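Undergrad: Have a look at the structure that comes next, please.
The values are calculated or read from the model by the stated rules, or taken from the named source; none is laboratory data. Keep in mind it's a predicted model, so treat the numbers as computed, not measured. Cβ coordinates were reconstructed from backbone atoms using ideal geometry, including for glycine residues, and neighbour counts include every protein chain displayed. The protein model used for the area step is the full one, side chains on, heavy atoms only, and it has no ligands, DNA or RNA in it. Shrake-Rupley method; radii C 1.70, N 1.55, O 1.52, S 1.80 Å.
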Amino acid sequence: MNYDKLFIGGAWVAPSSAKRIDVRSASTEEPIGSVPEAQEADVDAAVAAGRRAFPVWAQTPPADRAAAMERLAGILERRADEVVQRVSSQNGMPVAVAGQLEGAFPVVLLRYYAGLIRDGASEETRPGLFGGKTLVRKEAVGVVGAIVPWNFPQTLAAFKYAPALAAGCPLVIKPSPETVLDSFLFAEAVAEAGIPAGVVNIVPGGRELGAYLVEHPGIDKISFTGSTAAGRSIGETCGRLLRPVTLELGGKSAAIVLDDAKLELEKIAEQLFTATLLNNGQTCFLGTRVLAPRARYSEIVDLFTGFAGALKVGDALDPATQIGPMASARQRERVEGYIAKGRGEGARVTIGGGRPADRDRGYFVEPTVFADVDNNHTIAQEEIFGPVLSVIPYADEEEAVRIANDSDYGLGGTVWTNDPERGLAVAKRVQTGTIGVNTYLPDPTAPFGGVKASGIGRELGPEGLANYQQLKSVYLG
Ligand code: NAD
């Protein structure tokens, strides 16, 4: 799967250099595709195209923007299987997971935001306290720089482009080098949908190119998903430039098992999987710190050990696979480094801890559970981004909440209990942007994002649309 041109200004154009990004399969390590690597000159061209498109797209009637987004949704829906194959072969996400997320979520988001912009008023008149009236308008914020990670490349791009397109903002999207092939399929869909020229531009490249985009004088807003380290650097630049920025960063969330929880695996395995190990553990919201009441500690360690040990590890393209490989050799090294650190700090591996014996190709790591973890251990404080769970004992509910909140991060989390009201009461005390009771799955209509080192701002819901709008008050006397 090779591409020779870049999608900029609504056309396939020759790249400014001969440099290329080569992509390998995470499951087999075989080369699977190659695309041009965008350079600064290509970003300049993409931003200029976005600037030209801005007045046109922002002034396109909302109903027409919505219709264009629905056409795009229809094409992505038709090509969902191809999206899934491309994403899974690149980053190792099992196709069963990719079908539910990468293939489906962008379509849902495009339709959701198309509906919001079609039905929602973009201005209102308010009676003033001094006798006059004010027209309050929501206007498109401008050209958006969207920087996307490799773990859910299509879904997390859609978290940005769906509300931005609805608001009337053109985008320059920078995918991660690990997952560029799906972004070319997306570009084909944009072209087929007849989205006006320059409204969507794609510049594949690495972090230097991302930093160049963040600084670019033609960009009005940055929306970033990725690591906390990169987010801090981008936040500093945007602070200096007074450029609006949304940051969706890392997490180290708690899965709090209350003492009354009836954890019957046959009933809750799917919810538990989504909440703790989805996408091979390469998901920012996962509850990777399992907090277990001391009185039931060994039972819960055994339960998670059995749960992780029963997961089917295999090629991401096999529909039966539950845990695929890490996205890259670098990512596997990082995960293995944390497993070694966990052992070194005195935690006990109850299952996994190595590479699966039957896989000699691909960046595989066995699903791994650590017991006897103290919340101060490195594996309990730092984001591993792999299939590694730490089970941490607590004495009572107070201590469970204290441990859950003893983290630099605050993105996701779950409470497991037989009493949903008690679960809700505990959920309210956890410092986090999102949390579930006996389940966890972000919903398009509800704001998603983090507190503390997990980020600034929210995506999804009407709040996600507001990211791409600025308010103007017109005093009418
Ligand atoms: P990363 O931060 O290295 O890269 C993310 C993207 O940003 C890539 O496109 C990369 O090229 C670009 N980038 C990196 N440094 C940059 C810089 N200084 N300026 C501009 N662009 C830059 O992260 P990653 O390794 O690709 O992704 C994994 C991380 O992302 C994990 O820590 C994970 O928790 C986090 N993440 C968070 C969310 C969320 O919604 N909060 C979602 C997915 C991933």
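Undergrad: In region 217-236, what residues are within 8 Å of the ligand (Cβ to nearest atom), open to solvent by 10 Å² or more (accessible area, probe 1.4 Å) and in a helix (DSSP H, G or I)?
TA: Those that are within 8 Å of the ligand (Cβ to nearest atom), open to solvent by 10 Å² or more (accessible area, probe 1.4 Å) and in a helix (DSSP H, G or I): T228, A229, A230, S233, I234.
Undergrad: Output the number of the condition that G337 fails; it satisfies all remaining conditions of (1) within 16 Å of the ligand (Cβ to nearest atom); (2) in contact with a strand residue (DSSP E or B) (Cβ under 9 Å, 6 or more places away or on another chain); (3) among the small types (G, A, S).
TA: Condition not satisfied by G337: (2).
Undergrad: Additional query: Applying the selection to region 26-43, what residues are in contact with a helix residue (DSSP H, G or I) (Cβ under 9 Å, 6 or more places away or on another chain), hydrophobic (A, V, I, L, M, F, W, C) and part of a helix (DSSP H, G or I)?
TA: Listed by number, the list holds a single entry, V43.
Undergrad: Next question. Any residue that is within 15 Å of the ligand (Cβ to nearest atom), open to solvent by less than 30 Å² (accessible area, probe 1.4 Å) and touching an Asp or Glu at 6+ places or on another chain (Cβ under 7 Å) - is there at least one of those in region 173-184?
TA: no
Undergrad: crowded, with 23+ Cβ neighbours inside 10 Å and of a type in the set (A, V, I, L, M) - does that describe any residue in region 437-457?
TA: Among the residues of region 437-457, not one is crowded, with 23+ Cβ neighbours inside 10 Å and of a type in the set (A, V, I, L, M), which makes the answer no.
Undergrad: Could you give me the residue pairs with C-beta distances under 6 Å whose first residue belongs to region 195-221 and is more than 15 Å from S233 (Cβ to Cβ), whose second residue is away from the ligand (no atom under 12 Å from the Cβ) and among the basic types (K, R) wherever it lies, and which are 6+ apart or on separate chains?
TA: G198/R52; G218/R51
Undergrad: Please specify each residue of region 385-415 satisfying the condition of being within 21 Å of G352 (Cβ to Cβ) and open to solvent by 10 Å² or more (accessible area, probe 1.4 Å).
TA: F385, P393
Undergrad: What strands (runs of 3 or more DSSP E), lying completely within region 88-155, carry at least 3 residues that are more than 18 Å from E463 (Cα to Cα), open to solvent by 50 Å² or more (accessible area, probe 1.4 Å) and in the same structural domain as A58 (by TED's automatic domain parsing)?
TA: 123-127
Residue-wise test of (1) in contact with a helix residue (DSSP H, G or I) (Cβ under 8 Å, 6 or more places away or on another chain); (2) part of a strand (DSSP E or B); (3) under 19 Å from Y297 (Cα atoms); (4) more than 10 Å from the ligand (Cβ to nearest atom).
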{"residue": "G239", "(1), (2), (3), (4)": "no, no, no, yes"}
{"residue": "R243", "(1), (2), (3), (4)": "yes, no, no, yes"}
{"residue": "K252", "(1), (2), (3), (4)": "yes, no, no, no"}
{"residue": "A255", "(1), (2), (3), (4)": "yes, yes, yes, yes"}
{"residue": "K267", "(1), (2), (3), (4)": "no, no, no, yes"}
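Undergrad: Picking from L213, L209, which residue would you name as being surrounded by fewer than 24 Cβ atoms within 10 Å (Cβ to Cβ), near the ligand (Cβ under 9 Å from one of its atoms) and either assigned by TED's automatic domain parsing to the domain that holds D44 or modelled with pLDDT under 95 (or both)?
TA: Going through L213, L209 in turn, just one is surrounded by fewer than 24 Cβ atoms within 10 Å (Cβ to Cβ), near the ligand (Cβ under 9 Å from one of its atoms) and either assigned by TED's automatic domain parsing to the domain that holds D44 or modelled with pLDDT under 95 (or both): L209.
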